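What follows is a set of notes on a single structure, which appears directly below.
The values are calculated or read from the model by the stated rules, or taken from the named source; none is laboratory data. This one's a predicted model, so the numbers in the text were calculated from it and none came from an experiment. When we count neighbours, we look across all protein chains shown, and the Cβ atoms used for this are built from the backbone with ideal geometry, even at glycine.
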Amino acid sequence: MTTMPDTPEPDDDDLSPLLSEPFARAWAAAAPGLPARLGDRLGRRLAQSLKAEQGMVTVRRRSALAETLAAGVQQRWLYRAPAGRAARPGEPRAASIIELQAGARLTLPAGGAREFLVVRGGAEVDGESLGLHDFLLLPAGGVTGLASVDGAHVFVREADGAGAERTLVRDREAGWPEFAPGIRRRVLWTAGGEAALLYRADPGASVPVHSHGHDEECLMVQGELFLDDVLLQQGDYQLAPAGTGHRITETDTGVIIYAHGDLDLQFT
């Protein structure tokens, strides 16, 4: 009797491990039968991809570490800053998705300034009733209550945020100001050249080559986006440290993205 191989998961399409060792050397090696010029071009493209990925943190939603915080509440970690070193410009202390089942409640202890963005369902955060794509920034220092009647997923970003003031932006009231051809942008909060933003891009839209003066975080709220040779899908997250950049930023499907980074992109 022949044993059939396991059927691949339908969403198991993450090809990024193919850019790491031991595959990287195999890709870069000359392949028999390939014209030398084509082999050189593939090698250069691989080198560019590996260089662009250095230092970046990419987390797939399906593989994010989940931690149970209370009955009916899970936290999926996207980023936690290493202890014992100075923070980069715009670097968060932590970023996560908190998933609340219907009727669940949670109290977050006092910490840094926190941003909350509802990415699924509806939630009550610090007494505010938030719907899909509503945003709330809370200053550092206070405990925060979260609850949901019907269930919700809430993105939570924590940072030092000295001087941050309570800010509420409701999706139904904020609109989508034009930013570039095929791209609209909503500024949720800004200070000192740093900003929390929502981008909405049409299919086929792209952003020119740019670098980052602050850490740039991208959370895929809806749709798919290529950041260089990495395809991000709904729920995925990437942090690109200050000083890095992106050669390719484009979408075939159209997207809504939460971003935290430079208010003014540094085009190169």
The range 247-266, subset modelled with pLDDT under 90 and hydrophobic (A, V, I, L, M, F, W, C), residue farthest from Pro203 (Cα to Cα):
Leu265
Is one or more of the residues making up the range 146-158 of a type outside the set (A, V, I, L, M, F, W, C), over 19 Å from the mean Cα position of the chain (by Cα) and at pLDDT below 95?
no
Exactly one condition in (1) surrounded by 20 or more Cβ atoms within 10 Å (Cβ to Cβ); (2) at pLDDT 95 or above is false for Gly182; which is it?
(1)
Selection count where residues are in contact (Cβ under 8 Å) with a residue 24 or more places away in the chain and over 18 Å from the mean Cα position of the chain (by Cα), scope the range 74-91:
2
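Yes or no, residue by residue, for (1) buried (at least 18 other Cβ atoms within 10 Å of the Cβ); (2) at pLDDT below 95:
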{"residue": "Asp202", "(1), (2)": "no, no"}
{"residue": "Val209", "(1), (2)": "no, yes"}
{"residue": "Glu216", "(1), (2)": "yes, no"}
{"residue": "Met220", "(1), (2)": "yes, no"}
{"residue": "Glu224", "(1), (2)": "no, no"}
{"residue": "Gly245", "(1), (2)": "no, yes"}
{"residue": "Thr268", "(1), (2)": "no, yes"}
Hits in the range 111-145 - residues which are of a type in the set (Gly, Ala, Ser), within 14 Å of Glu165 (Cβ to Cβ) and in a strand (DSSP E or B)
Ala113
Verdict on Glu99 being under 19 Å from Ala195 (Cβ atoms) and surrounded by 14 or more Cβ atoms within 10 Å (Cβ to Cβ)
no
Need the failing condition index for Val169 against (1) under 26 Å from Ala87 (Cα atoms); (2) β-branched (Val, Ile, Thr); (3) out of contact with any Ser or Thr (no Cβ under 9 Å at 6 or more places or on another chain), just the number.
(1)
